[in-house]
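The values are calculated or read from the model by the stated rules, or taken from the named source; none is laboratory data. Everything quoted here is computed from the prediction, not taken from an experiment. FYI the Cβ positions are ideal-geometry reconstructions off the backbone, even for glycines, and counts take in every protein chain you see.
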Amino acid sequence: DSGVTQTPKHLITATGQRVTLRCSPRSGDLSVYWYQQSLDQGLQFLIQYYNGEERAKGNILERFSAQQFPDLHSELNLSSLELGDSALYFCASSVEQGASSGYTFGSGTRLTVV
Amino acid sequence: GNSVTQMEGPVTLSEEAFLTINCTYTATGYPSLFWYVQYPGEGLQLLLKATKADDKGSNKGFEATYRKETTSFHLEKGSVQVSDSAVYFCALKLGNEKLTFGTGTRLTIIP
């Protein structure tokens, strides 16, 4: 158990639907990062939050949004889902933002859009 | 921008073989370098890291040395086991910026 909790582990939904993925960071970690892992795109950075504020944005579609709450958990909202959104979505956390601090990853949410 | 280039896989080796997975980077500055491992059905786990030139990171028999002159951070292990079968990701981090990952190298060890 890495200390980063992601729910649900698996999600199957239809095209056009909306889903919410949840992440609880490791205790004491202030930064949360979301990544998408698909077979043909590798690991793509989506967005980062630090202590409730958005800090960096990557290749995140306009149909996707995220937020980090006062208790530091984060949610990734995916709407108007398409078949191509099927992927593993990982959340990671870190205690600080410095160069030497690596991330602790959750076990991911596997999203299947049918 | 910053980027990481990994040797393409998949890589298949016999048990007890010597492993090298190449990783080179491009960065505007002096990044920290990382290797992460992803076992089947799991998230990424930090395997080792190095934060400055000539540092050697090591863990579970794996090693990688931060080479500034060749901008490389190759992963090595002297004798691989079946349990090392996984996907390995090289990554860099510069200051407060996000971790930038390579595309990953799938390693399969045959008994």
Does A:A66 fit the bill of being of a type in the set (G, A, S) and farther than 19 Å from A:G106 by Cα?
no
Go over the candidates B:V37, B:V80, B:V4 one by one and state the one that is touching a residue at least 12 places away in the same chain (Cβ under 8 Å), of a type outside the set (K, R) and in contact with an Asp or Glu (Cβ under 7 Å, 6 or more places away or on another chain).
B:V80
Within segment A:68-80, can you find the residues that are within 17 Å of A:Q6 (Cα to Cα) and either basic (K, R) or surrounded by 14 or more Cβ atoms within 10 Å (Cβ to Cβ) (or both)?
A:Q68, A:L72, A:H73, A:S74, A:E75, A:L76, A:L78
If I filter segment B:47-92 down to residues being more than 14 Å from every other protein chain (Cβ to nearest Cβ) and among the β-branched types (V, I, T), which single residue comes out as nearest to A:Y103 (Cα to Cα)?
B:T65
For segment A:10-22, name all the residues that are over 12 Å from the mean Cα position of the chain (by Cα) and closer than 21 Å to B:Q38 by Cα.
A:H10, A:L11
Answer yes if at least one residue in segment A:72-91 is part of a strand (DSSP E or B), farther than 21 Å from B:L94 by Cα and acidic (D, E), and no otherwise.
yes
In segment A:67-114, anything touching a residue at least 12 places away in the same chain (Cβ under 8 Å), hydrophobic (A, V, I, L, M, F, W, C) and within 14 Å of another protein chain (Cβ to nearest Cβ) is listed as A:A87, A:L88, A:F90, A:C91, A:A92, A:V95, A:F105
Across (1) over 27 Å from A:T7 (Cα atoms); (2) at pLDDT below 95; (3) out of contact with any Cys (no Cβ under 8 Å at 6 or more places or on another chain), B:Q6 clears everything bar (3)
Of the residues in segment B:40-56, those that are touching a residue at least 12 places away in the same chain (Cβ under 8 Å) and crowded, with 16+ Cβ neighbours inside 10 Å number 7
